[in-house]
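Encoded as structure tokens, the structure appears first; notes follow it.
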Amino acid sequence: MRETSYTVPGIHVTDRELEVPLVWDDDADPRRLTLFVRELVDPVRRRDDLPLLVFLQGGPGGKGPRPTGRDGWVATALETHRVVLLDQRGTGRSSAVRGAALAARGTGAAQAEYLSRFRADAIVADAEHVRRTVYGGRRWTSLGQSYGGFLTMTYLSRAPEALAACYVTGGLPGLTADARAVYRRTQPRVVTKNAAYRARYPDDAARLARVADRLAAGDVRLPDGDVLTVRRFQSLGMDLGMKPGPERIHWVVDEAFDAGAPDELTDTFLADVAAATSFRTNPLYAVLHESIYAQSGTGPTAWAAEAVRAEDPAFEPGARPLLLTGEMIYPWMFEEVAALRPFRAAADALAARDDWPDLYDLDVLARNEVPVEAAVYADDMFVDAGLSLETAAHVGNVATWVTNEFEHDGLRTGDVLARLVERLAARGGPLPVA
């Protein structure tokens, strides 16, 4: 294990690199990965025996936060805990999956087999390895944001003895819902978010249509050479589920055209759209996105988001008002987006796979005794509140705080963690860590 320490403003940091197997349940498989772990602690308390809080990052394909100072939820956690951040396998400094290296693994099927080892079950096994080898096997508390809530349910299914308590923010998954069922619930909320955006910025409906008409005429290229199509432009709508996402989209569209060149899109606009839709920093998010819903009884994901989008002609590129799309990954992205093209064969193979293992043990979850405090965002565009509440009703010892005060990124933009901590303390706090 490699280790180094340093201090950023208000935080003492220790970085560690560990070796882990690619396949946890097969000792004969020689393939290995590097797992990167970052520990944060109040500099004044760095030698104190503090309880541990492990952050389960959103995603899939998400690396741990890179703190620049003591603020947000990290500041709240550091008041009482030593914080552990993992770069999920395949991201950041944890053997990041790159397009060229993946292509060298052979056929799309071979690539998909490799990527199938980067799901929640393996991420939880990685976390368990860290808990046992670095921290002596003591219980820790988890904080799961978005996909981190999916990881939490897998963790409670497989190793509840590891957890003293769990906080979940916008991330209680449907335990049995397949990808198509999920998108049929979330796509109507995308429509609602579009309507709210247009109501806030009524002139943007005409701006969106004007941009789409120009793109439909053809030959608009982004700075990296990609052709900007209407459907790629529509994918800006992923930001509608964040705060202040509508404002960010508004300011991109606001500068789409200059008065001096009314028929040409500005360099500023094209650069902003490229940055928002390129997936250059997180291609694994797109590649693995639908597989997070796949289990033994769901069958192939089969490009579920594309199938559900096609059920509603209001999302067609030629429809007006132009609707922006949400947190959906479509097969055409692996043709039109340069950073995703190397992953096309793997993505197709993953979409066709029908032999996925289960991620959740419903019986174990029903008997759960680990206290769970979950923020459920009533208007969440990414994780359906109805499915979240069904899960909360099934899993033992879960308390939910249902609110429309926040969007999906409430952990980052609000005091969500502090309020969950207060709620847990009011009902007895975490389990003993020893």
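Some notes on this structure:
- Averaged per residue, the range 1-87 has 47 square angstrom of accessible surface, using a 1.4 angstrom probe with ligands and nucleic acids left out.
- Across the options Ala104, Ala205, Phe315, the greatest Cα extent toward the positive end of the charge dipole of the chain (unit charges at beta carbon of Lys, Arg, Asp, Glu) belongs to Ala104.
- Electrostatic bookkeeping for Tyr183 treats Lys and Arg as +1 and Asp and Glu as -1; over the other residues with beta carbon under 10 Å from its beta carbon, the sum is -2.
- Percentage relative contact order, the chain, counting C-alpha pairs under 8 Å, at least six apart: 19 percent
- Largest GNM mean-square fluctuation among Ala195, Ala259, Ala271, using the chain with Cα springs under 10 Å: Ala259.
- Theoretical ellipticity at 222 nm over the chain - DSSP helices of four or more residues, -39500 (n - 2.57) apiece, nearest 500: -10500 deg cm²/dmol
- The angle separating the long axis of helix 245-254 from the principal Cα axis of greatest extent in the chain is about 30 degrees.
- Taking every protein chain into account, the accessible area of the range 167-319 amounts to 42 square angstrom per residue (probe 1.4 Å).
- Fully extending the segment from Arg32 to Ala434, taken as 0.36 nm per residue of separation minus the present Cα-Cα distance, adds 141.6 nm.
- Approximate spin-label separation Ala195-Arg320, in nm, with each point projected 7 Å along Cα-to-Cβ: 2.1 nm
- Pair Thr68, Ala366: separation of 7 Å Cα→Cβ label points (nm): 4.9 nm
- Here Asp25 and Ala101 are evaluated by their C-beta separation; at R0 = 25 Å the FRET efficiency comes out at 0.55.
- Percent carbon-and-sulfur accessible area, the range 30-140, ignoring ligands, DNA and RNA, probe 1.4 Å: 49 percent
- The local environment of His394, defined by Cβ-Cβ distances under 12 Å, has a net charge of -2 under the rule Lys, Arg +1 and Asp, Glu -1.
- Efficiency of FRET between Asp312 and Asp415 - r from beta-carbon atoms, R0 56 angstrom, step 0.05: 0.95
- The slack in the chain from His250 to Ala393, taken as 0.36 nm per residue of separation less the alpha-carbon distance, amounts to 47.6 nm.
- Degrees, to the nearest 10: 120-133 long Cα axis against longest axis of the chain: 40 degrees
- Treating r as the C-beta distance of Arg280 and Thr80 and R0 as 45 Å, the FRET efficiency rounds to 0.75.
- Residues of the range 34-77 with amide N under 19 Å of the 7 Å Cα→Cβ point at Ala159: 34-40, 51-58, 61-64
- Average accessible area per residue (Å²) across the range 342-434 - probe 1.4 Å, nucleic acids and ligands excluded: 43 Å²
- Carbon/sulfur fraction of accessible area - the range 255-368, other protein chains in place, 1.4 Å, %: 51 percent
- Note that the chain carries a Kirkwood radius of 22.6 Å, evaluated over its alpha carbons pair by pair.
- Relative to the Cα centre, the charge distribution of the range 282-354, modelled as +1 at Lys and Arg Cβ and -1 at Asp and Glu Cβ, gives a dipole magnitude of about 160 debye.
- nm² value of the averaged projected area, convex hull over the Cα atoms of the range 137-194: 4.6 nm²
- Positive-end residue of Gln234, Ile329, Thr80, charge dipole of the chain with Cβ unit charges: Thr80
- Spin-label pair Leu50-Ser5: with each label point 7 Å from Cα along the Cα-Cβ axis, the two points sit 1.3 nm from one another.
- Using a Gaussian network model of the chain in which every pair of alpha carbons under 10 angstrom is joined by a spring, one finds that among Thr14, Thr169, Thr266 the greatest mean-square fluctuation is at Thr266.
- DSSP beta bridge pairing in the chain, given as percent antiparallel to the nearest 5: 50 percent
- Once the chain from Glu422 to Ala259 is taken as fully extended at 0.36 nm per residue, the excess over their C-alpha distance is 53.4 nm.
The values are calculated or read from the model by the stated rules, or taken from the named source; none is laboratory data. It should be emphasised that the depicted structure is a prediction, and the values quoted were computed from it without experimental measurement. Here Cβ is always computed from backbone atoms with ideal geometry, including for glycine, and neighbour counts include all displayed protein chains. When the accessible area is computed, the model is the full protein with side chains, heavy atoms only, and any ligands, DNA or RNA have been set aside. Shrake-Rupley method; radii C 1.70, N 1.55, O 1.52, S 1.80 Å.
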